[in-house]
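The values are calculated or read from the model by the stated rules, or taken from the named source; none is laboratory data. All figures in this text were calculated on a predicted structure; none of them were measured in a lab. Virtual Cβ from ideal backbone geometry, glycine too; neighbours counted across all protein chains shown. Ligands, DNA and RNA are excluded from the accessible area calculation, which covers all protein heavy atoms including side chains. Shrake-Rupley method; radii C 1.70, N 1.55, O 1.52, S 1.80 Å.
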Amino acid sequence: MSWTDLTATDLVPLPVVLPLLAAGLALVFARRPRVQRVVSVVALAGVLAVGIALLVLTDDRTLVVDVGNWAAPIGIDLVADRLSALMVTVSSFVLLCVLLYSLAQGVSEEAEEETESIPVSIYHPTYLVLAAGVCNAFLAGDLFNLYVGFEILLAASYVLLTLGGTGERIRAGSIYVVVALLSSIVFLIAIALTYAATGTVNLAQLSERLPDVEPGTRLAIQLLLLLAFGIKAAMFPVSAWLPDSYPTAPAPVTAVFAGLLTKVGVYAILRTQTLLFPTDPRIDQGLMWVALLTMLVGILGAVAQDDIKRLLSFTLVSHIGYMLFGIALATQPGTAAAIFYVVHHITVQTALFLVVGLVELRGGSTSLDRLGGLAKLAPGLAILFFIPAMNLAGIPPLSGFLGKVGLVEDGVRTGGFLAYTLVVGSVVTSLLTLYAIVKAWNKAFWQEAPQEIETDARVPRGMVVPTGALVAFGLALTVFAGPLYSYADRAAAALRDGSYVEAVFPDGHDRGVGESNETIPKAGAPAGPASAVDTGEGTP
Amino acid sequence: MNVIDTTPAAVLVLAIGVLVTTGVYLLLERSLTRVLIGFILLGNGINLLLLVAGGRAGGAPILGTTPLWHMSDPLVQAMILTAIVITLGLTAFVLAMAYRSWQLHGHDEVQDDVEDRRIARLAAKNEPSFEDADAVESGETLDEEAARTRDETDDDISGPGPVTRTGGEAT
């Protein structure tokens with residue numbers, strides 16, 4: 001294939017390939033920090049550009065790439081539909097902002113405190129691998145490839161979380177690693193069962209075969225997948241690991257984890273629940289209870305905290321509940337609201353963690369007992385905190401408000417006891433978020449400091465600008481909420497109208513090739529290559 | 001129609017059962033090293049599960065060498081290979097982490113959330129958490145507390161003990 005043959009579909013693998021290549025390059029240039037920085041920034045900017053291009057292209061049709069040029073059920077495929085493209089774009093923007101932020105932080109802290117500074121030579125390759133894993137998970141058209149994407153991003157996240165190997169990070173990291181290992185095992189069990197039941201791991205093919213599977217088996221697979229993704233998304237009964245492990249990492253790492261990693265789990269839930277399984281009211285109702293408990297338990301945890309980072313980690317858990325609520329409604333407007341909420345929450349939560357990093361730098365602590373008077377000391381910082389904080393709590397007319405209104409509207413439209421309970425629950429959660437955030441605002445910014453804040457540390461401009469960019473992006477989500485919401489609506493529509501399967505199997509030939517893996521042609525029958533395929537999808 | 005025999009071999013099922021049981025048991029331990037061994041056992045159990053998912057064993061899956069209905073499924077083997085590689089990498093990482101933990105704290109215990117415990121103590125005393133500086137409370141930082149506390153493992157194990165080594169400590 002020459003360069004002139006390149007088509008739009010060739011863009012699809014780039015969000016995975018670019019960061020991986022750049023990670024290799026960054027490792028080669030481990031001793032030349034300046035080159036490393038250029039490589040990382042260029043790679044992530046490239047991914048962002050590709051993401052925007054995909055966002056435009058996928059609005060017309062879903063793009064499918066057969067990796068290695070083997071057609072879908074045999075080879076593995078990467079699929080970019082509206083939802084994937086949206087997630088890739090928002091994630092790459094966030095990744096880029098956080099990278100720029102960490103560049104400035106690395107410079108400023110290296111001299112002062114050895115343990116707090118980021119060892120740049122490991123940081124860049126790992127960060128890029130994380131980006132590749134996140135994008136791979138969003139684009140995977142194959143259950144096993146999704147697993148590989150998860151493992152890539154998790155392995156990178158283990159390293160990032162324990163950067164520097166300080167006592168506190170090792171302690172928090174071991175909890176995180178053990179929980180993540182467990183969730184990977186559960187995911188692998190689900191894959192094995194899926195393969196045993198259907199003879200495929202290709203998502204499009206699964207969506208055609210799973211409805212024929214015996215309901216009990218299907219329910220087991222569905223619940224196992226929900227559990228595996230639920231651990232990653234930090235939904236209630238399996239969310240306790242998150243507030244303990246995230247806050248100890250360096251500020252940019254916490255920010256990117258909070259923004260992206262849980263959302264990858266939410267994305268996986270959204271994708272598998274809409275694509276693979278026929279609507280099952282039992283699952284939806286269960287998910288509603290889980291959503292309600294996630295919201296309430298999360299936010300009550302946040303209210304009790306006296307450290308901003310932990311407080312924000314608990315609000316993170318709590319707001320995952322909103323997205324689960326949208327998914328559990330199993331309607332198009334509900335799903336659209338959930339997608340909009342995911343985009344909003346990625347931006348806002350990351351911005352808040354970045355601001356807290358600045359607060360820590362300026363005030364010397366993240367404990368609400370020690371902070372105070374920052375509104376007077378650093379008014380700019382106060383504004384940067386205030387806007388995303390209000391956005392998180394859902395004050396009109398900000399994007400958080402719009403997302404919540406969408407969810408509440410659809411909850412009321414769906415009706416029924418459980419939906420109304422959730423509507424009430426989400427409003428209460430919103431108010432409690434406001435309470436928790438305002439408490440942090442009062443203690444850290446408004447009141448007099450309990451003790452003199454000695455540091456006259458200047459916050460480097462290189463850290464303020466990316467933070468400001470994210471806050472501005474959050475505001476832009478409010479201003480351009482109309483187009484974004486209608487895009488989310490179209491993305492939600494595409495999730496259930498079968499266009500995903502059509503795009504992967506344009507000839508609709510799947511059913512003919514091996515109804516299930518139990519049947520193969522008779523001994524005497526001519527064994528053409530097409531009929532030889534009973535279970536093969538190619539190597540993952 | 002010939003039907004692929006997907007009945008799993010009893011030995012494999014038994015092996016999966018034993019590996020998963022021991023794996024889960026060890027995963028519930030406090031010591032990171034034991035958790036790791038549990039993870040390895042569990043991982044191998046799941047690899048066998050994948051193998052069983054691919055149907056009975058057969059000849060090499062190469063056209064011309066083995067008749068179609070005698071081939072074993074190559075895809076599950078590819079998936080298992082990937083899973084083994086991932087497990088290997090993560091094992092190395094967890095081992096390094098357990099060693100680092102032992103270096104810093106003198107044990108490799110996976111601890112409960114120390115900060116959570118502090119908040120719970122404040123709640124038990126019925127004090128609003130944000131008006132009580134933890135420094136006043138006992139004068140020790142969370143890191144020191146983490147080094148001192150044992151959740152389940154015994155204190156009197158003769159080992160490096162709660163060493164005072166603080167190299168690389170971020171306090």
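Observations on the model:
- Region A:159-187: number of residues that are in contact with a Ser or Thr (Cβ under 7 Å, 6 or more places away or on another chain) and not in a helix (DSSP H, G or I): 1
- Residue check: A:Thr217 meets all listed conditions (1) more than 23 Å from A:Leu422 (Cβ to Cβ); (2) assigned to a loop (DSSP other than H, G, I, E, B) but one, namely (2).
- Residues within region A:368-392 that are away from chain B (no Cβ under 14 Å) and either free of Cβ contacts under 8 Å to residues at least 40 places away in the same chain or farther than 25 Å from A:Val428 by Cα (or both), tallied: 12
- Residue in region A:245-261 that is within 14 Å of chain B (Cβ to nearest Cβ) and open to solvent by 10 Å² or more (accessible area, probe 1.4 Å) present: yes
- Members of region B:1-30 found to be modelled with pLDDT of 90 or more and either buried (at least 18 other Cβ atoms within 10 Å of the Cβ) or facing chain A (nearest Cβ under 9 Å) (or both), listed by number: B:Ile16, B:Leu19, B:Val20, B:Gly23, B:Leu26, B:Leu27
- A:Val290 within 14 Å of chain B (Cβ to nearest Cβ), in contact (Cβ under 8 Å) with a residue 12 or more places away in the chain and either surrounded by fewer than 24 Cβ atoms within 10 Å (Cβ to Cβ) or over 29 Å from A:Leu352 (Cβ atoms) (or both): no
- Residue within region A:138-155 that is assigned to a loop (DSSP other than H, G, I, E, B) and of a type in the set (S, T, N, Q) present: no
- Scan of region A:183-194 for residues that are at the interface with chain B (Cβ under 7 Å from one of its Cβ atoms) and touching a residue at least 40 places away in the same chain (Cβ under 8 Å), ordered by number: A:Leu188
- Near pairs, Cβ below 6 angstrom, 6+ apart or cross-chain, from region A:27-39 (modelled with pLDDT under 85) to any residue that is in a helix (DSSP H, G or I): A:Ala30/A:Ser121; A:Pro33/A:Val120
- Of all residues making up region A:158-173, the number that are more than 8 Å from chain B (Cβ to nearest Cβ) and in contact with an Asp or Glu (Cβ under 8 Å, 6 or more places away or on another chain): 1
- Within region A:429-540, helices (runs of 4 or more DSSP H) holding 1 or more residues that are over 28 Å from A:Met87 (Cα atoms), β-branched (Val, Ile, Thr) and modelled with pLDDT of 90 or more: none
- From the list B:Leu95, B:Leu104, B:Leu50, the lone residue that is closer than 27 Å to B:Val35 by Cβ and more than 9 Å from chain A (Cβ to nearest Cβ) is B:Leu95.
- In the set (1) within 23 Å of A:Leu206 (Cα to Cα); (2) out of contact with any helix residue (DSSP H, G or I) (no Cβ under 6 Å at 6 or more places or on another chain); (3) among the charged types (D, E, K, R), the condition left unmet by A:Arg82 is number (2).
- The helices (runs of 4 or more DSSP H) found wholly in region A:309-413 and carrying at least 1 residues that are modelled with pLDDT of 90 or more and either of a type in the set (Lys, Arg) or open to solvent by 10 Å² or more (accessible area, probe 1.4 Å) (or both) occupy A:332-363, A:379-393.
- Condition met for B:Asp112 (closer than 25 Å to A:Ala192 by Cα and out of contact with any strand residue (DSSP E or B) (no Cβ under 6 Å at 6 or more places or on another chain)): no
- Remark: pairs (first residue in region B:65-92, facing another protein chain (nearest Cβ under 7 Å) and more than 25 Å from A:Leu146 (Cβ to Cβ); second residue in a helix (DSSP H, G or I) and open to solvent by 20 Å² or more (accessible area, probe 1.4 Å); Cβ separation under 8 Å; 6+ apart in sequence or on different chains) = B:Leu68/A:Ala532.
- Selection count, region A:49-76, where residues are open to solvent by 30 Å² or more (accessible area, probe 1.4 Å), under 30 Å from A:Val98 (Cα atoms) and in a helix (DSSP H, G or I): 6
- A:Leu219 more than 9 Å from chain B (Cβ to nearest Cβ) and touching a strand residue (DSSP E or B) at 6+ places or on another chain (Cβ under 9 Å): no
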